[in-house]
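S.K.: Take a look at the following structure, please.
The values are calculated or read from the model by the stated rules, or taken from the named source; none is laboratory data. This structure is a prediction, so every number in the text was calculated from the model and none was measured. When we count neighbours, we look across all protein chains shown, and the Cβ atoms used for this are built from the backbone with ideal geometry, even at glycine. Only protein heavy atoms, including side chains, enter the accessible area calculation; ligands, DNA and RNA are left aside. Shrake-Rupley method; radii C 1.70, N 1.55, O 1.52, S 1.80 Å.
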Amino acid sequence: RSRGSSAACTTTSKQLLALLSPQHCALQLTSVQFGVAMLAAAVVSLCSGKMPLLPYCVWPLAGAIALSYTAGFVLLNLSLLYIHASLAETVRGLEPLCSAAIACALGVRGGRLSVRALLALVALVVGGTLSALSQPASERSEGFYLGLLLANGANLAFAFRGTLTTAAQDLLAAENERPLDANAIFLYQHAMGFAATVLLSVGAGGYPSRLVSGESREVVMLLASSASAFFAYNRLSLAVLLRLNAVSHSVCNALRRAVTVAAATLIFGNAVTLLSLTAIGLVVGGSGGYALAVAADKAAAARGKGGRARISAYPSETEEDDPARARAPSPSKDEAPLLPAKEPA
C-alpha cells in the first residue's frame with residue numbers, strides 16, 4: 001500500500017505541475033499536501049483518544065526534524081518542475097549516500113562503514129551517474145541540471161531528518177522516556193511544515209487562481225489525489241518504520257522506488273533504454289544492498305558483544321507495551337537461567 005500511494009503521489013504531483021505550467025506552483029502544492037496531512041493526522045488523534053504529546057526534552061530536535069522534512073518535500077516538488085518523475089525517484093534512491101556522509105561527518109551512529117556497505121554506495125554512485133546520462137538530450141529541459149541538484153538537495157534534507165530522528169531516540173532512551181510517538185511526531189512535523197510552506201507560498205506571489213478556484217475539474221482531481229496520496233504514503237511509511245527495524249524499512253524503500261519509477265515511466269511514456277534500466281537496477285540494488293550490509297554489520301557487532309547490542313534501532317511492539325521489560329538488562333551468556341528450586345523427594 002505504501003508503494004502504491006508513493007507512486008500515486010509522485011505521478012499526480014508531476015501531472016499537476018505540468019498542467020499548471022508555465023506557472024511554478026511547487027511551493028503551493030507542498031503547502032496543500034502538508035495541510036491535508038495535518039488535518040488528517042489531527043482527526044486520527046481525536047478518534048484514537050490520545051493526546052499527541054512529545055516530551056519537552058526533544059522539542060528542539062522535533063522542530064529541526066520538521067524543518068528538514070519540510071525542506072525535503074519542497075525541494076522534491078521543485079525538482080519535478082524540471083525532470084521526469086521517474087528520474088526524480090531514481091535520484092531519490094541515492095539517499096543512503098547522503099546519510100552515510102552526514103553520519104561520517106558528525107561521527108554519529110552508522111558513521112563507520114564496512115567494505116560491503118562501501119561497495120553498495122559505489123553502485124549507487126555509478127547508477128545515479130548512468131541515470132543522468134541515460135536521459136535523451138531531446139527530453140532535457142532548460143533546468144535539467146537544476147532539477148538534479150534539487151532532487152539531491154531533497155536527499156540531503158531527508159538524510160539529515162533521519163540523523164536527527166536517531167538523535168531524538170537516543171536522547172529519549174538516555175532520559176528513560178518512551179520512544180517517539182508516531183501520531184505526535186507526524187502531526188507536529190506537518191503542522192510546522194504547513195505553516196512554513198504557506199509563508200513561503202505567500203512570499204513567492206500567493207496561490208494561482210487555477211489552483212484554488214476549482215474551475216478546472218482536472219486540477220481539483222489531481223490536487224485531491226496528490227494530497228491524499230501524500231498523507232497515505234507518509235503515514236503508512238511511518239507505520240511500517242515503527243513495526244520493522246530501520247534496515248528492513250530501507251529495503252522496503254528500495255522496492256517502493258522501483259514501483260514508483262515503473263509507474264512514472266508507464267504514465268508519462270518516458271523512453272526506456274538499456275542504459276536507463278541498468279541505472280535503475282544499480283540504484284535500487286545498491287540501496288537495498290547498503291541496507292543489508294548495515295544489517296550484517298550490526299549483527300556481527302551484536303554477536304561480538306555477547307548479544308547485548310540491539311540490532312534494531314526501534315523497539316518492538318512488545319517492548320513498547322511493557323517499558324520495564326524494554327529497559328531490563330539482558331542476561332549475559334555466562335549467567336545460568338534462574339530455575340525454580342526442586343522440592344526434596
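S.K.: Taking the criterion of being part of a helix (DSSP H, G or I), over 19 Å from Leu238 (Cα atoms) and of a type in the set (Gly, Ala, Ser), would at least one residue in the range 34-43 satisfy it?
M.R.: No, the conditions are met nowhere in the range 34-43.
S.K.: Next up: All but one of (1) modelled with pLDDT of 90 or more; (2) open to solvent by 30 Å² or more (accessible area, probe 1.4 Å); (3) of a type in the set (Phe, Trp, Tyr) hold for Tyr56; which doesn't?
M.R.: The failed condition is (1).
S.K.: Considering (1) under 14 Å from the mean Cα position of the chain (by Cα); (2) farther than 20 Å from Thr129 by Cβ, say which one Cys57 fails and leave the rest.
M.R.: (1) is the only condition that Cys57 fails.
S.K.: Right, something else. How many residues are open to solvent by 50 Å² or more (accessible area, probe 1.4 Å) and modelled with pLDDT of 75 or more if we restrict to the range 269-299?
M.R.: So the answer is 7.
S.K.: Which residue pairs have Cβ atoms under 6 Å apart, sit 6 or more places apart or on different chains, and have a first residue in the range 191-208 that is within 15 Å of Gly63 (Cβ to Cβ) and open to solvent by less than 20 Å² (accessible area, probe 1.4 Å) and a second that is in a helix (DSSP H, G or I) and among the aromatic types (Phe, Trp, Tyr)?
M.R.: Gly193/Phe34
A quick yes/no check of all residues on (1) part of a helix (DSSP H, G or I); (2) hydroxyl-bearing (Ser, Thr, Tyr); (3) more than 14 Å from Phe73 (Cβ to Cβ):
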| residue | (1), (2), (3) |
| --- | --- |
| Ala151 | yes, no, no |
| Asn155 | yes, no, no |
| Phe158 | yes, no, no |
| Thr165 | yes, yes, yes |
| Ala184 | yes, no, yes |
| Ala196 | yes, no, no |
